[in-house]
Amino acid sequence: MTLSPSFKRSLWVFHFNAGSCNGCDIEIVATITPRYDPERFGVRLVGSPKHADVLLVTGPVTKKMAPRLRRVYEQMPSPKVVICIGTCGQSGGVFYDSYNLDGPVDDVIPVDVYVPGCAPRPEAIIYGVVTALTKLERIERGEE
């Protein structure tokens, strides 16, 4: 896989934990190890949302994290894509209807790609990032 000419540089990803149990976070760390090595495709984690093209969000959004998630989303330059990793971010998972949740991720910010599972395997996370890349390429070409 190579980046299309319409997308001029590597795909930079920012990871945000919105209140998860860290199961999905451990799988994200497993994804960036030399076994899978997404950096060979130009996919790398960055430390600032201002440099990111993709936002990886794990966990259900707690009341304290909702304003922070919105702020991180607003700091990202356009075009941007949001990937929701894990069942908790999609529906609340085992934390569903908890008193301290603001809801699943798509109640707080728009989500483009969902990666289901508790916790999803690294292969599924890589597939989600590839799906996000194709969406970014469509946005760059003006198709969306």
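The values are calculated or read from the model by the stated rules, or taken from the named source; none is laboratory data. Computed from a predicted structure; not experimentally measured. Cβ atoms come from the backbone with ideal geometry, glycine included; neighbour counts cover every protein chain shown. What goes into the accessible areas is simple: the full protein's heavy atoms, side chains included, and nothing from ligands, DNA or RNA. Shrake-Rupley method; radii C 1.70, N 1.55, O 1.52, S 1.80 Å.
Could you give the size of the charge dipole of the chain about its Cα centre, using +1 on the Cβ of each K and R and -1 on the Cβ of each D and E, expressed in debye and rounded to the nearest 20?
Numbers: 16 positive and 16 negative charges, 89 e Å.
The dipole magnitude comes to about 420 debye.
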Folded to 0 to 90 degrees: helix 66-75 orientation relative to the chain principal axis, Cα: 10 degrees
With a cap of 16 neighbouring Cβ atoms within 10 Å, and only residues DSSP puts in a loop, list the trypsin sites (Lys or Arg not before Pro) found in the range 51-98. K63, K64
Work out the charge dipole of the range 1-117 with +1 on the Cβ of Lys and Arg and -1 on the Cβ of Asp and Glu about the Cα centre, then indicate which of P34, A66, S91 is farthest towards its positive end. P34
Highest-fluctuation residue, P49, P120, P110 considered, GNM on the chain with Cα pairs under 10 Å: P110
Over the chain, how many pairs of lysines fall under 18 Å by alpha carbon, counting only those 8 or more apart in sequence or from different chains? 5
Using a 1.4 Å probe on the protein chains only, how many percent of the accessible area of the chain belongs to carbon and sulfur? 54 percent
Give me the angle, in degrees from 0 to 90, between the Cα long axis of helix 122-141 and the longest principal axis of the Cα atoms of the chain, rounded to the nearest 10. 60 degrees
Residues of the range 1-121: accessible area per residue with a 1.4 Å probe, Å²: 53 Å²
